[in-house]
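See structure below.
The values are calculated or read from the model by the stated rules, or taken from the named source; none is laboratory data. Keep in mind it's a predicted model, so treat the numbers as computed, not measured. As a convention, Cβ positions derive from the backbone with ideal geometry for all residues, glycine included, and neighbour counts pool all protein chains shown.
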Amino acid sequence: MSKVYVIVGASRGIGLELVRQILAKDETSIVVGTVRDEVKSKSAFQSIEEKAGGRLHVITLDTTDETSIKTAAERLLQVFPTGIDVLINNAGILERDASDLEVKASTLESTFRTNVVGPILVTQHFLPLLRLRSTRIIANMSSPLGIVGAEILPWNDSLAYRVSKAGLNMVSATWTRALASEKFTVVSLSPGWVKTDMGGEGGMLTVEDSVSGLVKEIFKLKEENSGTFIHTDGQVLPW
Ligand code: NDP
């Protein structure tokens, strides 16, 4: 049976490349890319759509709006009444403050809303769809910046982001236990520092190389990997 992958936040960057590579590398896969604005995102998907032979679906989803999440879950159930296999919570934002000692409440709130509350609500609404199949994979796109013991790297202005990704890792760890009896595989993924709108030109990896590594790891995922934090090169990272 074709595997159905849902990539949340697929309009550009890592999400868009995940859509492209999964469709290309698993030729029977069906991929749903979610976007905030279907009209604006149309051109991004054009060349992928031409090669996908009807295996690409694009739906609207704003992860900060629970009504939008609910509507997307209902739409998915209509299109895929036998469920979905893999959910990748990729949507994320990076907002900077003046420094790590001058963090605004508004930066924390908006970052937490998108990077933590979003994946939690999306997953809760999509769980019934995942339960309809036996694959049951949930992958949360995290970052080494969320590792408590990691060095600060060149940035001293991204505390809100770091807190959010540490929080997202806690979500992955908690769900690993909460969903173990239902044979779910729950992981956090680390794409590396990637040249995207978020990562900027200084990124160490192209989006193609980062996603190539991630897709290799996603295709290999088994229940025994649940509760791990996997880097694009296959290394298991500490929480
Ligand atoms: P981009 O900024 O290039 O893309 C972000 C994506 O998330 C876009 O598709 C954007 O949609 C979507 N998005 C943002 N907010 C929402 C929302 N509220 N609802 C739905 N979609 C939303 O980022 P990257 O591709 O670089 O990052 C993807 C993920 O990887 C993020 O979670 C990020 O934290 C993580 N990551 C990235 C790294 C990097 O170096 N680039 C390093 C480590 C982790 P829209 O076009 O509508 O804005």
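Of all residue pairs spaced 6 or more apart or on separate chains, those with beta-carbon atoms under 7 Å, a first member in the range 162-180 that is closer than 12 Å to residue 144 by Cα and a second member that is among the hydroxyl-bearing types (Ser, Thr, Tyr) are 164/111; 165/142; 165/143; 168/142; 168/188; 169/142; 169/188.
Every residue, every condition in (1) under 15 Å from residue 7 (Cα atoms); (2) at pLDDT below 95, yes or no:
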| site | (1), (2) |
| --- | --- |
| 95 | no, no |
| 111 | no, no |
| 120 | yes, no |
| 133 | no, no |
| 140 | yes, no |
| 155 | no, yes |
| 161 | no, no |
| 174 | no, no |
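Considering the range 218-238, and only residues there that are out of contact with any Asp or Glu (no Cβ under 9 Å at 6 or more places or on another chain) and either at pLDDT below 95 or not in a loop (DSSP other than H, G, I, E, B) (or both), the residue that is nearest to residue 86 (Cα to Cα) turns out to be 218.
Filtering the range 139-157 to residues that are within 14 Å of the ligand (Cβ to nearest atom) and either among the aliphatic types (A, V, I, L, M) or buried (at least 23 other Cβ atoms within 10 Å of the Cβ) (or both) leaves 139, 140, 141, 142, 143, 145, 146, 147, 150, 153. As a summary of the residue check, residue 124 satisfies the conditions (1) buried (at least 16 other Cβ atoms within 10 Å of the Cβ); (2) closer than 30 Å to residue 223 by Cα except for the one numbered (1). Selection of the range 63-107 for residues being under 14 Å from the mean Cα position of the chain (by Cα) and small (Gly, Ala, Ser) yields 91, 92.
Residue by residue through the range 132-148, note down the ones that are out of contact with any Phe, Trp or Tyr (no Cβ under 9 Å at 6 or more places or on another chain) and part of a loop (DSSP other than H, G, I, E, B). Matches in the range 132-148: 133, 134, 135. Can you say whether residue 205 is touching a strand residue (DSSP E or B) at 6+ places or on another chain (Cβ under 8 Å), modelled with pLDDT of 95 or more and within 11 Å of the ligand (Cβ to nearest atom), as far as the supplied structure shows? In short, yes. Taking the stated definitions as given, is residue 217 among the charged types (D, E, K, R), under 23 Å from residue 31 (Cα atoms) and touching a residue at least 60 places away in the same chain (Cβ under 8 Å)? Judged against the criteria, residue 217 is not a match. Only residues that are under 23 Å from residue 65 (Cβ atoms) and either of a type in the set (Phe, Trp, Tyr) or under 18 Å from the mean Cα position of the chain (by Cα) (or both) were counted in the range 5-43, giving 22. In the range 161-201, the qualifying residues are those that are assigned to a helix (DSSP H, G or I) and charged (D, E, K, R), and the one that is farthest from the ligand (Cβ to nearest atom) is 182.
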